[in-house]
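The values are calculated or read from the model by the stated rules, or taken from the named source; none is laboratory data. Quantities reported herein were computed from a predicted structural model and do not represent experimental measurements. Glycine also receives a Cβ, built like all others from the backbone with ideal geometry; neighbour counts cover every protein chain displayed. Heavy atoms of the whole protein, side chains included, go into the accessibility calculation; ligands, DNA and RNA do not. Shrake-Rupley method; radii C 1.70, N 1.55, O 1.52, S 1.80 Å.
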Amino acid sequence: MGVEDWSFATRLLAGRRSAGLSQAELAHRSGLSIRAISDLERGRTQWPYRNSVFRLADALELSGQARAEFVTAAGRRLGRAPSAEPPSRPGRPRHRDDRAVDGSPVPRQLPGPVPGFAGRTEQLAVLSRLLHTPGGTAVISTIGGMAGVGKTALAVQWGHRVAADFPDGQLFVNLRGFDPAETPVSSADAVRVLLDALGVTADRLPATEDGQFGLYRSLLAGKRLLVVLDNARDVAQVRPLLPGSLTCRVVVTSQNQLTGLTTREAARPLQLSVLNEAEASQLLRYRVGDDRVASEPDAVARIIESCAHLPLALCVVSARAAMRPDLSLGQIAAEVTRHRGLDAFSDDSDQAADVRAAFHWSYRQLDPVTARVFRLAGLHPGPGFSQGAIAALTGLSFDVAGRVLDILTRAGMIQRTGEASFGVHDLLRGYASELAGAHDSPQEQRAALTGLFDYYLHSCAAAMDVAFPAERHRRPEIGPPPVQVPAFAAQAQALAWLDAQRGELVAVAVYASEHGWPQHATKLAATLFRYFSNGAFFADAIAVDAAAYRAAHELGDLAGQAVALLGLGTVDLRQGRYQEAADHLSRALELCRQIDDGPCEARALANLGVADLLLGRPTAAVGHFEDSLVLHRKLADRTGEARALGNLGFAALRQGRYEQAIGHLRQSLEICQQIPDRGGEARALANLGEVELSQQRYQHAADYLMRALALWRELGDRSSMADTLASLGVTELRQNRHVQAAACLAEALRICRQTGDVPRQALALSGLGEVMLATGRPAVARQRYAAALTLAAEAADRYEQARAHDGLGCAYQAEGAMAQARRHWREALARYSDLGAPEADRVRARLSASESVPQASNT
């Protein structure tokens, strides 16, 4: 291998490492194979492709002198004369003044590259791959996206990078399809601009439009030339300007999705989204300066958030910051936040740099019905919306709403965010809201939002009736739906709809509470109670229930306040805030008795009993459970009766009264299966499994627990799944199946951490501590038990505190540290005794046996 061979191989390797690329990534960008890259870096192959050097230079983002040296080294490697351009077509030699032999100019019409161009690495690579794909089409790509997202910047940046692939030049024409200051350019006017760039004088210009289009295609035939058709309005404007020769390539930018070009010309659609955090920061660093950006990262983050990551908005704000170096970025961020709507991104001196003007031109292209839908969509309080929601908001039929959403999507005014969901960019949403304020009366806006909130309330009721039919009577009566709502055939379908709409439902409930629809807020909270509880969507539940409580309080609605407090108390219970739960539930109970609301009172009693039991007040807990049972039976509420029996069974289980526990739980199970109430059935099965586990009947325990787990999975109750998995883990451990036990407990811990369920995290960690002890790792066991104790103390869960202390005692015993072991066992005994738990006898026996064991000398 010669010195020159080493020169190119070394440059290629150094360039790839400098760009931070693997061989696979460089192959992906350049269109070469990984093997070809590897062979070239080792100098083991002759070059098989004429333009591979330029594709590699583009992929490595080389420019200027570095690019020239790279290409020169490649030329020497091939034994050819160095050249900074790919080989020209035979018969088309160039003069130094960039004119062909026949005297025609070589057009170089691309605007200059965008200063500080940021990101879009993947999109640039896609365009380059499409350019070099064998058998490609004339139209490489249609670049789409909302106004201000950087479509033209990408096309121009890429055009400069691949200029060497087009020795016959680059044509660029702004078709002004969405120009804030101009009307769209007709294809007939555009072709005359292109012919002028190709050197066609007036005396050579054909008299007819057809003749001009024909001459344009003739001049491009056989040439290697790039055509950028920027800011196109529609396919009809673009199609006459397409070359007839595949040696020429075309890139089109448009806010509309030009599906006709994808269908007939096989153009690759490339849809741009906003910049990510790193890319937006990169843009600001270039325009404002590295030092200013590095010194105020919080302000930079606020600016990026205020600009909603939109390149045009970031450019407007960064220009303002660059012109005012005396202001800190914190001051700039405060100024941007202070302005209403799009005022912070306006530039009266240059409409091309004005975000509102860019949005306005897109809006002007819409027909009246579509324009109204866009305006009202800006009023939607949620992060997204569905076709049904837009139909309810606008009063259109479901089908018509779908067609209008399709038009807005193709126009880049909204985006699809899922199979049946849509979203609006934050700045576009603000613009739409501005327009609604200008064009739609307050009465029209209120009517639209009332229709939307009716849709969500009635849809939620329909979904909950299918997902949780046993509790239908506990939800508020809301009457027949005034708008078309979804129909749900099965529980899974209903739960999937609730999952998909959850963000919108929370936003609607909070907005309704704060802006004059209090009854919608309270009814949504009462309707969604079980869904939030089962799914462990605790943050959402708190937001909705707190909003409902505020709305009910303003109305003087004591029943609404009570239901909201029940919801808040239930979340407290699930997250281990037992005293807070007791406070909320006690207040709910007072309100229920004040208004003589028997059903609500019975539920408050049941939940307050759970709080008392977990706080170590078993006598009070049983009293509440018994009162709840009497009241539910008086109301003929079979669901409530079954739940009350289940609570009594759980209390008996905790106190070691196993036969009594079995009696209550079997009654609860029988009623739940009759109703049917699958959630209540699962809870009864799980507790029966616990009874069997406590009595060392492991196979029976496993059978009950597996049946319960299947139901919890079906219902999507994640906290209960974790609880049952932990019990299954202990069942496996008792049978010396340590691997299976650890797997169950680890899965339980993972779910609890996801849901923020503190008490069950403690439960799972104690189980894992027991596994560590059983497998001879007492030091690791101590860590697990100590973590469990911390969480149990945080939740004020005395039972789990006792269990963790007991485990710590056993871990210290295994290490020979008997003084520490006895200290923890005493703590465990005190808590178990207060709870009336049978585990107290076991710990008492350990303490007694340990008195005769001396302290190890090495502790």
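Points worth noting:
- Counted residue by residue at 0.36 nm each, then reduced by the alpha carbon distance between them, the extension gain from residue 706 to residue 294 reaches 142.8 nm.
- When the charge dipole of the chain is built from unit charges on Cβ atoms (+1 for Lys and Arg, -1 for Asp and Glu) and taken about the Cα centre, the candidate among 369, 314, 154 whose Cα reaches farthest toward its positive end is 154.
- Carbon/sulfur fraction of accessible area - the stretch 155-275, other protein chains in place, 1.4 Å, %: 50 percent
- Just so you know, the Rg over Rh for the stretch 125-166 is 0.99, from Cα atoms, with Rh as the Kirkwood radius.
- Of the solvent-accessible surface of the stretch 740-806, computed with a 1.4 Å probe and all protein chains present, 52% belongs to carbon and sulfur.
- In the context of the full protein assembly, residue 72 retains an accessible surface of approximately 40 Å², using a probe radius of 1.4 Å and ignoring ligands and nucleic acids.
- Antiparallel bridges, percent of DSSP beta bridges restricted to the chain (to nearest 5): 25 percent
- Calculated FRET efficiency for the pair residue 636/residue 834, C-beta based, R₀ 51 Å, to 0.05: 0.85
- Using distinct alpha-carbon pairs, which all enter the 1/r mean, Kirkwood radius of the chain in Å: 32.5 Å
- One chain, two ends: residue 331 and residue 367. Fully extended at 0.36 nm per residue, the span grows by 8.9 nm beyond their Cα-Cα distance.
- Distance between the stretch 543-558 and the stretch 7-21 - C-alpha centres, whole angstrom: 65 Å
- Helix 678-694 vs. the chain, principal-axis angle (Cα, 0 to 90°, nearest 10): 60 degrees
- Between residue 473 and residue 403, the modelled labels are 4.7 nm apart [label points 7 Å from Cα along Cα→Cβ].
- Potential lengthening of the chain between residue 301 and residue 236 amounts to 19.2 nm, from the contour at 0.36 nm per residue minus the alpha-carbon distance.
- The alpha-carbon of residue 223 sits under 27 angstrom from the alpha-carbons of these lysines, leaving out residues fewer than 8 places away in its chain: 151.
- Over the chain, dividing the summed -39,500 (n - 2.57) contributions of all DSSP H runs of at least 4 residues by the number of residues returns a 222 nm mean residue ellipticity of -21000 deg cm²/dmol.
- Label positions at residue 246 and residue 490, each projected 7 Å from the Cα along the C-beta direction, are separated by 4.8 nm.
- Nearest-20 debye value, the stretch 465-539 charge dipole, Cβ charges on Lys, Arg, Asp, Glu: 160 debye
- Per-pair calculated FRET efficiency, R0 = 25 Å: residue 273 and residue 34 via Cβ, rounded to 0.05: 0.30
- Probe 1.4 Å - accessible area at residue 738, Å² to nearest ten: 50 Å²
- Centre-to-centre separation between the Cα atoms of the stretch 694-748 and those of the stretch 503-530: 36 Å.
- Taking all protein chains into account, the per residue accessible area for the chain stands at 42 Å² (1.4 Å probe).
- Placing unit charges on the Cβ atoms of the charged side chains and taking the dipole of the chain about its Cα centre, the candidate lying farthest along the positive direction among 819, 578, 774 is 774.
- The chain: relative contact order as a whole-number percent, Cα under 8 Å and 6+ apart: 6 percent
- Ligands, DNA and RNA left out, the 1.4 Å accessible surface of the stretch 471-532 is 54% carbon and sulfur atoms.
- Rounded tilt (10° steps) of 518-535 against the dominant C-alpha axis of the chain: 80 degrees
- Contact order, relative form, for the stretch 570-640: 28 percent (alpha carbon pairs under 8 Å, 6 or more residues apart, mean separation divided by residue count).
- With eigenvalues of the C-alpha gyration tensor scaled by 5 and rooted, the stretch 688-776, Å: 19, 17, 10
- Rounded to the nearest 20, the Cβ-based charge dipole of the chain about its Cα centre (Lys and Arg +1, Asp and Glu -1) stands at 2700 debye.
- When 450, 570 are compared by accessible surface with a 1.4 Å probe, the order from highest to lowest is 450, 570.
- With R₀ fixed at 56 Å, the C-beta to C-beta distance from residue 620 to residue 446 puts the FRET efficiency at about 0.70.
- Shape call, the stretch 544-654: gyration tensor on alpha carbons, a/c limit 1.5: oblate
- Only lysines eight or more places from residue 523 in sequence, or on another chain, were considered; those with a Cα closer than 28 Å are 634.
- Between the stretch 403-419 and the stretch 187-238, the alpha-carbon center distance in angstrom: 32 Å
- On Cα atoms only, tilt of 718-734 relative to the major axis of the chain in degrees: 60 degrees
- Simple label model, 7 Å out from Cα along Cβ direction - residue 500 to residue 660, nm: 5.0 nm
- Long-range HN-HN contacts of residue 396 with modeled amide H, under 5 Å: none
- Relative to the Cα centre, the charge distribution of the stretch 752-839, modelled as +1 at Lys and Arg Cβ and -1 at Asp and Glu Cβ, gives a dipole magnitude of about 200 debye.
- Remark: relative contact order (the stretch 440-585) = 19 percent; criterion is Cα-Cα distance under 8 angstrom and separation of 6 or more residues.
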